[in-house]
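Data first, discussion second: the structure below is written as structure tokens.
The values are calculated or read from the model by the stated rules, or taken from the named source; none is laboratory data. Since this is a predicted model, take the numbers as computed values, not measurements. Counting neighbours? That spans all protein chains shown, and the Cβs are built from the backbone with ideal geometry, glycine included.
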Amino acid sequence: MNTISYRASRWTGLMSWTKLLMPDQIHIHNDRIVIKQYRFMGLNSTTEEIKYNKIASVRNASGLFFAALKIETSGGATSDILMKGLKKKQAQEAANTIREKAE
């Protein structure tokens, strides 16, 4: 099983100790995407798992230094997911990989 993983930059967590110590992560598997986001000093976390057939669209929004990846779902799946703080190149690679696997 081939898994591609990306982690948000710690620099985007300067306003939050949690994001500084435990940045958000996205894992792209062959059959699904797993996104893990931490809150409250790592005591709380949210893990969302999305199958490719539930993905409606993937958007990559680039800022000055970092990019955000937005995954919109369809068919009553989980709510839309926004992952901020990725490097621009990583966000583009992740978006392209997800689009290819979702087809």
Given the options Ser5, Ser79, name the one that is at pLDDT 85 or above and closer than 22 Å to Glu103 by Cα.
Ser5
Quick one: Arg32 ticks every box in (1) in contact (Cβ under 8 Å) with a residue 24 or more places away in the chain; (2) under 16 Å from Tyr6 (Cβ atoms) except a single one, so which number is it?
(1)
Selection status of Ile55, in contact (Cβ under 8 Å) with a residue 12 or more places away in the chain and under 21 Å from Pro23 (Cβ atoms)
no
Scan of region 76-96 for residues that are farther than 15 Å from Arg7 by Cβ and in contact with a strand residue (DSSP E or B) (Cβ under 8 Å, 6 or more places away or on another chain), ordered by number:
Ala77, Thr78, Ser79, Asp80, Ile81, Leu82, Gln92, Ala95
It is to be established whether one or more residues within region 38-54 are in contact with a strand residue (DSSP E or B) (Cβ under 6 Å, 6 or more places away or on another chain), assigned to a helix (DSSP H, G or I) and modelled with pLDDT of 75 or more.
yes
Kindly list the number of the only condition in (1) under 15 Å from Ile4 (Cα atoms); (2) outside any helix (DSSP H, G or I) that fails for Ser57.
(1)
